[in-house]
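The values are calculated or read from the model by the stated rules, or taken from the named source; none is laboratory data. Quick caveat, the model's predicted, so the values are computed rather than measured. Cβ placement follows ideal geometry from the backbone for every residue including glycine, while neighbour counts extend to all protein chains displayed.
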Amino acid sequence: MTGLTPSPTAGASSAAGLGDGVRPAVGVGTLVLVRDALGTDDARFAGDDDDPPELGEGDSLVVAAVGCEAVDGEADPVLAADSATPATTVAVRATSGTERCECGGSNGIRLLNRGACPGQLRVGCVTDLPMPTWRPDDGLVDTFGRVARDLRVSVTDRCNLRCTYCMPAEGLPWLPKAEMLSDDELIRLIGVFAGLGVRQVRLTGGEPLLRRSLVDLVRRIAELEPRPTIAMTTNGLGLDRLAEPLRAAGLDRVNVSLDTIDPEEFVALTRRDRLADVEAGLRAAHRAGLTPVKVNAVAMRGINDTDVAELLAWCLARGYELRFIEQMPLDAGHHWQASEMVTAGEIHDRLSARFALTPAPGRGSAPAERFFIDGGPATVGIIASVSAPFCAACDRVRLTADGQVRNCLFANAESDLRTPLRAGASDAELAELIRGEMWRKARGHGIGSPDFHQPDRPMSAIGG
């Protein structure tokens, strides 16, 4: 990665405590804030690989964190990326205990493993970070050190269901075709994102299966270098016909939205009698090898909230991985009320009445907190988007069907890529627009705060 190399003072002999003869850094990357299920903040290294490099005695690594502070309660000062402080000591937790490491430099932070605890270094509790005055030269980094690697691409705003928590019964005004990105435009922009470090592309809608060119679009994404992982979120209608062609084109995984297996509840929630078609789509996805087939469900109070355990049992019997998602304020009518939302805690309690749930390790930046069911290996996920948000670990960026890039699902601003794209902008110019949008990403979505404003775009126009 470029742009993260420390200035000559970083880690040099002039930096107190680092001394002479420090070897060159073995890796560069950023510290990413992570919040676990208990609400505890932690920070992890996000470099060119998923895991930080192994550090031997005397090795160091350079991180592009904008600040760090002690994890042992000592009043060590926060060191901003542009701080004039030559060095400060912070407590760093490694794989085999606690180590004292030196933190120094004006253009980055250098951590030196002095050999007492070789392994992967992890800095604890990065909070209230100051606004840095510099930005790395590449990658999709924001001011809190998060790195976007997961691109959500809405390929259409149209949908063939009318879920009550998403849109009115009569539907919504759809985007004119001229305002939507063409296949060529989508592929070019996805390629720019891939060049900025995006590793996964998830196709969403509306309902992505309604885009007639979807199979060819997947094939062209799979031909990009470097090739991203390709996933899709769908309501399953039409998946019985398209699962095999999509798999052959390069689709790797699929999530199917299904809130209930009760036919009457399904009609009440979706305003369509299509449960059998969704089930057929799920079976086809499983046969095609789009595994693990994941099912996304929203529990709605007074409709399907008492049946969550039955839905889990149904998924387990068929080899599907179920994930419950708290209802979010993204409905077109702006009728969402926090008091009416079925919380992650309630879902956990209802599932625990029938199944033994134990936390599964290794959440990372994934939105779902996963639990082993009756000892495993099967798991269930619960996404507490509202009651226990995972904004601190968010690695997502979104591209709408009409070519707007959004740094957050709940953002009230977005950057237009379609207009400059059609005006002849270069890939470098488009990349700079994308990076600028990500740099402005807020600390969190702000749901529950007095100044929270629900996005004007509904979920179907943003992409799930």
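The table for this structure:
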quantity: Filter result (among the hydrophobic types (A, V, I, L, M, F, W, C) and either in a strand (DSSP E or B) or under 27 Å from the mean Cα position of the chain (by Cα) (or both)) within the range 241-283; calculated: 242, 243, 246, 248, 249, 251, 254, 256, 258, 269, 278, 282
quantity: Residues of the range 392-430 that turn out to be crowded, with 18+ Cβ neighbours inside 10 Å, farther than 27 Å from residue 327 by Cβ and of a type in the set (A, V, I, L, M), as a count; calculated: 3
quantity: Residue count for the range 216-239, restricted to those that are touching a helix residue (DSSP H, G or I) at 6+ places or on another chain (Cβ under 7 Å) and buried (at least 19 other Cβ atoms within 10 Å of the Cβ); calculated: 12
quantity: Residue among 150, 138, 128, 157 that alone is under 30 Å from residue 326 (Cα atoms), modelled with pLDDT under 80, within 27 Å of the chain's Cα centre (by Cα) and charged (D, E, K, R); calculated: 128
quantity: Any hit, the range 295-310, residues being in contact with a Lys or Arg (Cβ under 7 Å, 6 or more places away or on another chain), among the polar types (S, T, N, Q) and buried (at least 19 other Cβ atoms within 10 Å of the Cβ); calculated: yes
quantity: Candidates 323, 283, 318 - the one that is basic (Lys, Arg), crowded, with 20+ Cβ neighbours inside 10 Å and assigned by TED's automatic domain parsing to the domain that holds residue 396; calculated: 323
quantity: Residue in the range 375-385 that is outside any strand (DSSP E or B), out of contact with any Leu (no Cβ under 9 Å at 6 or more places or on another chain) and within 17 Å of residue 143 (Cα to Cα) present; calculated: no
quantity: Any hit, the range 166-186, residues being free of Cβ contacts under 8 Å to residues at least 40 places away in the same chain, of a type in the set (Phe, Trp, Tyr) and farther than 25 Å from residue 303 by Cβ; calculated: yes
quantity: In the range 240-253, the residues that are touching a strand residue (DSSP E or B) at 6+ places or on another chain (Cβ under 7 Å) and closer than 14 Å to residue 208 by Cβ; calculated: 251, 253
quantity: Filtered residues of the range 284-322 (kept if assigned to a loop (DSSP other than H, G, I, E, B) and polar (S, T, N, Q)); calculated: 291, 304
quantity: Neighbours by Cβ (under 6 Å, 6+ apart or cross-chain): first from the range 337-358, surrounded by 12 or more Cβ atoms within 10 Å (Cβ to Cβ); second outside any loop (DSSP other than H, G, I, E, B) and of a type in the set (D, E, K, R); calculated: 342/305
quantity: Top-ranked residue in the range 259-288 [being in contact with a helix residue (DSSP H, G or I) (Cβ under 6 Å, 6 or more places away or on another chain) and free of Cβ contacts under 8 Å to residues at least 40 places away in the same chain; ranked as farthest from residue 299 (Cα to Cα)]; calculated: 273
quantity: Every pair of residues 6+ apart whose Cβ atoms lie under 6 Å, when the first sits in the range 365-378 and is in the same structural domain as residue 198 (by TED's automatic domain parsing) while the second is of a type in the set (Phe, Trp, Tyr) and in a loop (DSSP other than H, G, I, E, B); calculated: 367/390; 373/355; 374/355
quantity: Subset of the range 178-213 that is basic (Lys, Arg) and part of a loop (DSSP other than H, G, I, E, B) - its residue that is nearest to the chain's Cα centre (by Cα); calculated: 199
quantity: Residue in the range 413-422 that is under 17 Å from the mean Cα position of the chain (by Cα) and not in a strand (DSSP E or B) present; calculated: no
quantity: Some residue of the range 445-460 being modelled with pLDDT of 90 or more, of a type outside the set (Ser, Thr, Tyr) and not in a helix (DSSP H, G or I); calculated: no
